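The values are calculated or read from the model by the stated rules, or taken from the named source; none is laboratory data. Nothing here was measured: the structure is a model prediction, and the numbers come from that model. Methodologically, a virtual Cβ is constructed for each residue, glycine included, from the backbone with ideal geometry; neighbour enumeration extends over all protein chains shown. The protein model used for the area step is the full one, side chains on, heavy atoms only, and it has no ligands, DNA or RNA in it. Shrake-Rupley method; radii C 1.70, N 1.55, O 1.52, S 1.80 Å.
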Amino acid sequence: MVGQAIVRRLQSEHCTLVTASRDEVDLRDQAAVSRWMERARPDVVFHAAATVGGILANSMRPAEFLYDNLMIGANVIEAARRIGVAKLVYLGSSCIYPKHAPQPIPETALLTGPLEPTNEWYAVSKIACIKLCKAYRAQYGCDFISAQPTNLYGPGDNFDLEGSHVLPALLRKAQEAARTKRPLTVWGTGSALREFMHVDDLADALVFLCRQYSDAEIVNVGTGEEISIANLARLIADVVDFTGELEFDHSKPDGTPRKLVDVTRLNDLGWRHSIGLRAGVEQTYRWYLEQKSVRGGDQATR
Ligand code: GFB
């Protein structure tokens, strides 16, 4: 999802795009990454690739989330240094911050307290690679920067109910509930607060940072606006035209109670998001329905 959005955004820039698809190169394989980097010799790298998933996938596949993301990050960062990449933009995540960080979360909250247990494996891999960028800047003078996006959504998202994040999951479940006239099941209590950003806004922010920012300090990328999961479910029900009951499944975890990033640093640099949540959800829902009709049934949902 993020890689495709960056490609869309860069199409209006004066540059030659080189992408590394999953079929082309396994980023966990150091030799394969080195070979690819030597051949492609990019000037700039946007490092968005990762093994990702929602709260359940994180809890059920801790080894993959830690190992894959450590390897992917270290391989790409080291190969970029070796061929002398002029700029690398590494994507972390808002889950790098402590579970009980002050809200909105400033960049300075990193490593000031224990992590949220449901995503600590993913968070540790992201923190390690953020530190790698910082260390490469200090020791080798590499202009490698690191952005921390908040919860993302948009076209290209994963709609698989086991592995996905909340927003695509609720879009799919609401659509199915409307069709079958059954209740919409929402995991947890609905009280957890989250911040959602459209992936096209993220891509725009990354291109902005790539141009404007060269510093060891990390930068949060978000909207500065939050919503409870219950209200997100209501908004999605409205977009999908689902008028039935919401059911809260208390056997599923809420995860971190609140996760709103402080975007002062990014705003002060001169960037602000432009896609509102409702408009973004409507556009994503249209994309989902188109995919479903093109690919047929559940094929669209991976
Ligand atoms: O999006 P999500 O899976 O990830 O869940 P996190 C957000 C909230 O939505 C949690 C609730 O409180 C979930 O219990 N939720 C309600 C649901 N219904 C559903 C549903 O059907 N599916 C899902 N998935 N959630 C992620 C991390 O945490 O944040 C990732 O696990 C990543 O590693 C991402 O860092 C940014 O926001 O809790």
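Just one of the listed residues (Val52, Val44) is away from the ligand (no atom under 14 Å from the Cβ) and either over 28 Å from Tyr213 (Cβ atoms) or at pLDDT 95 or above (or both), and it is Val44.
Screening His250 on (1) touching a Gly at 6+ places or on another chain (Cβ under 8 Å); (2) surrounded by 12 or more Cβ atoms within 10 Å (Cβ to Cβ) shows it passes everything except condition (2). Output the residue which, of all residues in the range 213-258 that are in a strand (DSSP E or B) and of a type in the set (A, V, I, L, M), is farthest from the ligand (Cβ to nearest atom). Per the criteria, the residue is Val219.
Taken over the range 180-192, the criterion of being open to solvent by 40 Å² or more (accessible area, probe 1.4 Å), assigned to a loop (DSSP other than H, G, I, E, B) and near the ligand (Cβ under 7 Å from one of its atoms) is satisfied by no residue.
All conditions but one from (1) hydrophobic (A, V, I, L, M, F, W, C); (2) open to solvent by 20 Å² or more (accessible area, probe 1.4 Å); (3) within 14 Å of the ligand (Cβ to nearest atom) apply to Leu289; the one that does not is (3). Being open to solvent by less than 30 Å² (accessible area, probe 1.4 Å), in contact with a Pro (Cβ under 9 Å, 6 or more places away or on another chain) and not in a loop (DSSP other than H, G, I, E, B): is that true of Leu209 here? Against the criterion (open to solvent by less than 30 Å² (accessible area, probe 1.4 Å), in contact with a Pro (Cβ under 9 Å, 6 or more places away or on another chain) and not in a loop (DSSP other than H, G, I, E, B)), Leu209 does not qualify. Listed by first and then second residue, the pairs with beta-carbon distance under 6 Å, at least 6 apart or on different chains, first residue in the range 135-158 and farther than 12 Å from Leu202 by Cβ and at pLDDT 95 or above, second of a type in the set (Val, Ile, Thr) and part of a loop (DSSP other than H, G, I, E, B), are Ser146/Ile218. Inspection of the range 161-179 finds no residue satisfying the criterion of being in contact (Cβ under 8 Å) with a residue 60 or more places away in the chain, more than 16 Å from the ligand (Cβ to nearest atom) and open to solvent by 10 Å² or more (accessible area, probe 1.4 Å). For the range 63-94, residues that are part of a helix (DSSP H, G or I), touching a residue at least 60 places away in the same chain (Cβ under 8 Å) and open to solvent by 10 Å² or more (accessible area, probe 1.4 Å) total 1. Exactly one residue out of Ala5, Ala57, Ala32 is under 26 Å from Pro155 (Cβ atoms), open to solvent by less than 40 Å² (accessible area, probe 1.4 Å), more than 15 Å from the ligand (Cβ to nearest atom) and not in a loop (DSSP other than H, G, I, E, B): that is Ala5.
Cβ separations smaller than 7 Å between residues 6+ apart or across chains give the following pairs from the range 262-282 residues that are farther than 16 Å from Ile145 by Cβ to residues that are assigned to a loop (DSSP other than H, G, I, E, B) and open to solvent by 50 Å² or more (accessible area, probe 1.4 Å): Asp262/Pro104.
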